[in-house]
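Only one structure is covered here, and it is reproduced in the block below.
The values are calculated or read from the model by the stated rules, or taken from the named source; none is laboratory data. Computed from a prediction, not measured in an experiment: that's the story for all the values here. Methodologically, a virtual Cβ is constructed for each residue, glycine included, from the backbone with ideal geometry; neighbour enumeration extends over all protein chains shown. The accessibility values were calculated without ligands, DNA or RNA, using every heavy atom of the protein model including side chains. Shrake-Rupley method; radii C 1.70, N 1.55, O 1.52, S 1.80 Å.
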Amino acid sequence: MAMTGKRRVLYRQGTGFWRMTAKWVLVFGALYLLDGGVLRSWGDALVWPMIGILLWVPFGIGVVWYPKKDQRVALTTRELRVRRKRLPMEKVNLLHVARLWLEGRSTADDQPVLEWPRFDRVVWVPLRDGRAFGLEFRDPAAFAKVFGAFAIEACGGPDIVRARAAAETYPDPLPMRPRRPADDGGSRLDILDIFN
């Protein structure tokens with residue numbers, strides 16, 4: 001948990017750019033050391049770093065990192081930020097989040113959150129207008145735990161959440177799907193329009 005100005009950051013997820021770059025360097029660095037130290041000369045082994053650099057731009061950035069650029073997420077007590085777009089907490093149905101967390105499930109499916117494996121998975125964030133948009137996380141259970149605990153605290157505690165959930169009615173959040181025009185095959189930025 002970190003402080004950004006006067007805002008408390010509850011959860012932060014980067015795009016994984018530096019992690020991907022470090023793995024790239026590790027793989028081609030190992031090939032360079034193996035080739036130069038065991039198989040051939042160090043001069044001949046320089047071909048591996050060169051190949052790594054040439055492949056890093058089209059494949060490392062274009063194929064591996066670019067599809068995950070929307071995974072840059074920060075949750076604060078006032079807003080949810082995806083890349084440079086901001087969604088105020090006033091638009092989020094925190095009561096629904098808190099109720100689901102107390103029940104140990106999510107808007108994605110009926111599998112208990114604590115049983116989610118650690119791999120890329122979409123977590124649906126419900127809005128007050130009945131929509132829900134999906135964000136992809138590398139550790140979805142960790143985000144759900146932080147978001148659920150924050151929602152319960154913001155709603156006044158577990159007892160108040162259960163009382164309000166029994167008394168209030170609101171539309172069940174329906175997942176938003178990105179529009180897919182024929183010219184560009186669709187864009188996740190369509191979903192991010194709700195942040196404006």
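In the list PRO171, PRO126, which residue meets the criterion of being out of contact with any Phe, Trp or Tyr (no Cβ under 6 Å at 6 or more places or on another chain) and either part of a loop (DSSP other than H, G, I, E, B) or of a type in the set (Phe, Trp, Tyr) (or both)?
PRO171 is the lone residue from the list that is out of contact with any Phe, Trp or Tyr (no Cβ under 6 Å at 6 or more places or on another chain) and either part of a loop (DSSP other than H, G, I, E, B) or of a type in the set (Phe, Trp, Tyr) (or both).
Right, ALA149: open to solvent by 40 Å² or more (accessible area, probe 1.4 Å), part of a helix (DSSP H, G or I), in contact (Cβ under 8 Å) with a residue 12 or more places away in the chain and among the small types (Gly, Ala, Ser) or not?
When the stated conditions are applied, ALA149 passes them.
For the stretch 1-40, which residues satisfy the criterion of being within 20 Å of ARG83 (Cα to Cα), open to solvent by 50 Å² or more (accessible area, probe 1.4 Å) and at pLDDT 85 or above?
Scanning the stretch 1-40 gives a single hit, ARG12.
Would you check if ARG118 is of a type in the set (D, E, K, R), within 23 Å of ALA151 (Cα to Cα), open to solvent by 80 Å² or more (accessible area, probe 1.4 Å) and modelled with pLDDT of 75 or more?
Against the criterion (of a type in the set (D, E, K, R), within 23 Å of ALA151 (Cα to Cα), open to solvent by 80 Å² or more (accessible area, probe 1.4 Å) and modelled with pLDDT of 75 or more), ARG118 does not qualify.
Here's the yes/no breakdown for (1) farther than 30 Å from LYS23 by Cα; (2) modelled with pLDDT of 80 or more; (3) within 18 Å of the chain's Cα centre (by Cα):
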{"residue": "GLY52", "(1), (2), (3)": "no, yes, no"}
{"residue": "LEU55", "(1), (2), (3)": "no, yes, no"}
{"residue": "ASP70", "(1), (2), (3)": "no, no, yes"}
{"residue": "LYS85", "(1), (2), (3)": "no, yes, yes"}
{"residue": "THR107", "(1), (2), (3)": "yes, no, yes"}
{"residue": "VAL113", "(1), (2), (3)": "no, no, yes"}
{"residue": "ALA132", "(1), (2), (3)": "yes, yes, yes"}
{"residue": "GLU153", "(1), (2), (3)": "yes, yes, no"}
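Of everything in the stretch 129-143, what is farther than 19 Å from ARG83 by Cα and touching a strand residue (DSSP E or B) at 6+ places or on another chain (Cβ under 7 Å)? Give them in sequence order.
Those that are farther than 19 Å from ARG83 by Cα and touching a strand residue (DSSP E or B) at 6+ places or on another chain (Cβ under 7 Å): GLY130, ARG131.
For the stretch 38-99, give me every one of the strands (runs of 3 or more DSSP E) that falls completely inside it and has 1 or more residues that are among the acidic types (Asp, Glu) and either in contact with a helix residue (DSSP H, G or I) (Cβ under 7 Å, 6 or more places away or on another chain) or under 27 Å from GLY157 (Cα atoms) (or both).
It comes to 79-82.
What about TYR66, is it among the hydroxyl-bearing types (Ser, Thr, Tyr) and at pLDDT 80 or above?
no
With respect to VAL97, determine if the residue is modelled with pLDDT under 85, out of contact with any Lys or Arg (no Cβ under 8 Å at 6 or more places or on another chain) and among the aliphatic types (A, V, I, L, M).
no
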